[in-house]
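Report on the following structure.
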Amino acid sequence: RIRASLMDLAKLTDSHSVSLRLALPSAAAMQTHGLALVRIASYPNQLPTEEMSVLTEDLGGISWTCMRTGYQVYVPDVTANMQYLKLRPYTVSELAMPVRAEGILLGTLNLESPLYDAYLPFQPLIAAFAGAVGRTLADSRASLEQVAIDSAAQALNHRHALDSYLSMLAGELK
């Protein structure tokens with residue numbers, strides 16, 4: 001479902017790339033936190049180089065700067081920024097927006113454009129979109145938590161029913 005929204009955001013902001021990356025455990029991560037920014041969804045679906053689907057902090061990049069600081073990072077001209085990871089030769093500006101759920105930084109929403117200073121007028125819209133993504137992730141987690149709680153409650157009910165049945169059998173055997 002999110003790919004269609006990423007495509008719409010790309011078209012609205014003149015972006016040739018929009019990706020959602022979440023900080024997830026990774027064996028490739030060399031830092032003690034053990035996290036990498038993993039591409040969960042993107043428009044277009046493929047990166048120019050597929051090995052960049054998992055970004056470790058040692059590779060750097062605008063998205064990792066956003067993760068380390070917890071703030072959006074806007075680079076109106078990537079040619080003047082040493083942190084930019086050159087994946088697309090025609091990228092001129094980039095914006096990395098933090099994605100949070102319930103105040104916890106989960107990852108980044110990253111946009112790239114062939115236009116200079118492309119995101120200045122769109123930053124409030126992109127921040128709202130990142131907030132909606134965070135709320136959707138929080139709602140999904142809450143839904144999964146409710147399923148786990150319901151399953152645990154059912155297991156307890158079955159256990160009590162089995163205990164009652166076994167107590168009744170034990171009483172009949174006496």
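The values are calculated or read from the model by the stated rules, or taken from the named source; none is laboratory data. None of these values were measured; they are calculated from a predicted model. Here the Cβ positions follow ideal geometry from the backbone for every residue, glycine too, while neighbour counts run over all protein chains shown. Quick note on the areas: whole protein, heavy atoms, side chains included, nothing else; ligands and nucleic acids left out. Shrake-Rupley method; radii C 1.70, N 1.55, O 1.52, S 1.80 Å.
At a glance:
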item	result
Loop sites in region 59-112: chymotrypsin sites (Phe, Trp or Tyr not before Pro), DSSP, at most 15 other Cβ within 10 Å	Tyr71, Tyr90
13 Å beta-carbon shell around Thr13, net charge (K/R +1, D/E -1)	-4
Rounded tilt (10° steps) of 123-173 against the dominant C-alpha axis of the chain	10 degrees
Kirkwood hydrodynamic radius over Cα pairs of the chain, then Stokes diffusion coefficient at 10 °C and 1.306 mPa s, in µm²/s	87 µm²/s
Accessible surface of Val54 - all protein chains present, 1.4 Å probe, nearest 10 Å²	50 Å²
Where Thr13, Thr79 fall by accessible area, highest first, once all protein chains stay in place (1.4 Å)	Thr79, Thr13
Pairwise FRET efficiency - Tyr116 versus Lys11, Cβ, R0 = 30 Å, nearest 0.05	0.95
Total formal charge among the other residues, if their Cβ is under 11 angstrom from that of Leu95, Lys/Arg +1 and Asp/Glu -1	-3
Debye-sum result for region 68-128 in log10 I(q)/I(0), which assumes one identical scatterer on each alpha carbon, at q = 0.18, 0.22, 0.24 Å⁻¹	-0.63, -0.88, -1.00
Sequence of His33, His16, His158 from largest to smallest accessible area, 1.4 Å probe	His158, His33, His16
